[in-house]
1. Considering only residues that are out of contact with any strand residue (DSSP E or B) (no Cβ under 7 Å at 6 or more places or on another chain), within 30 Å of residue 153 (Cα to Cα) and surrounded by fewer than 13 Cβ atoms within 10 Å (Cβ to Cβ), which ones fall in the stretch 109-137?
2. Might you let me know whether the stretch 70-88 holds any residue that is in contact with a strand residue (DSSP E or B) (Cβ under 8 Å, 6 or more places away or on another chain) and among the hydroxyl-bearing types (Ser, Thr, Tyr)?
3. Applying the selection to the stretch 107-130, what residues are assigned to a loop (DSSP other than H, G, I, E, B) and within 19 Å of the chain's Cα centre (by Cα)?
4. I'd like the full set of residues that are among the β-branched types (Val, Ile, Thr) and within 11 Å of the chain's Cα centre (by Cα), limited to the stretch 33-52.
5. Just checking, which of 75, 54, 49, 97 is touching a helix residue (DSSP H, G or I) at 6+ places or on another chain (Cβ under 6 Å), in a helix (DSSP H, G or I) and of a type in the set (A, V, I, L, M)?
6. Going by the conditions given, is residue 64 of a type outside the set (Val, Ile, Thr), buried (at least 19 other Cβ atoms within 10 Å of the Cβ) and either in contact (Cβ under 8 Å) with a residue 60 or more places away in the chain or assigned to a helix (DSSP H, G or I) (or both)?
7. Between 73, 55, which is modelled with pLDDT of 95 or more and over 20 Å from the mean Cα position of the chain (by Cα)?
Amino acid sequence: MRWVARRLGGDEGEGGSAIVEFVFIALVVFVPLVYLVAGLSAVQRGVFAATEAAREAGRALGTAPDPVVGQARAAAAARIAVEDQSVEATDVVLGYAPVGTGCDAAGSYRPALTPGEEFSVCVTVTVRIPLLPDFIDANTATGQFVVERDRYVDG
């Protein structure tokens, strides 16, 4: 087989170039690709955490007997849901907004848990991208869940 390569003019000065090309491709393509996948996974994990935390906090608050107990249950449920997605629970902001408004109005509303009341639970999670400094926390994910309190509850 070597005599064919010699006759065609190949196989001269090509020894060892495959390993150089592989190392070059690995450094230029694979390392950034792995970092990109890790960064996108962290962002997606934050989105899942925010959505699930809003849902669980809304369900805990919607079934509570009074607002004080409900808000304590909602905070605990949001913390557990965020930790379930391996996101730091210190980066969670829980707020409530009137129904029909977005999460921009969160914090301006306090649920009274009256029968038939509707409100939104908004959870904002700060997402940390791997290998970036902690002061870069502009990456946030917000989850929203609309709570419709049952009309036929005691209280």
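1. 112, 114, 115, 116 - these are the residues of the stretch 109-137 that are out of contact with any strand residue (DSSP E or B) (no Cβ under 7 Å at 6 or more places or on another chain), within 30 Å of residue 153 (Cα to Cα) and surrounded by fewer than 13 Cβ atoms within 10 Å (Cβ to Cβ).
2. Scanning the stretch 70-88 turns up no residue that is in contact with a strand residue (DSSP E or B) (Cβ under 8 Å, 6 or more places away or on another chain) and among the hydroxyl-bearing types (Ser, Thr, Tyr).
3. 127, 128, 129, 130
4. Across the stretch 33-52, the qualifying residues are 43, 47, 51.
5. Within the list 75, 54, 49, 97, the selection yields 49.
6. no
7. Unique residue meeting the criteria: 73.
The values are calculated or read from the model by the stated rules, or taken from the named source; none is laboratory data. Predicted model, so just to flag it, every value in this text is computed and none were measured. Neighbour counts run over all protein chains shown; Cβ positions are idealised from the backbone, glycine included.
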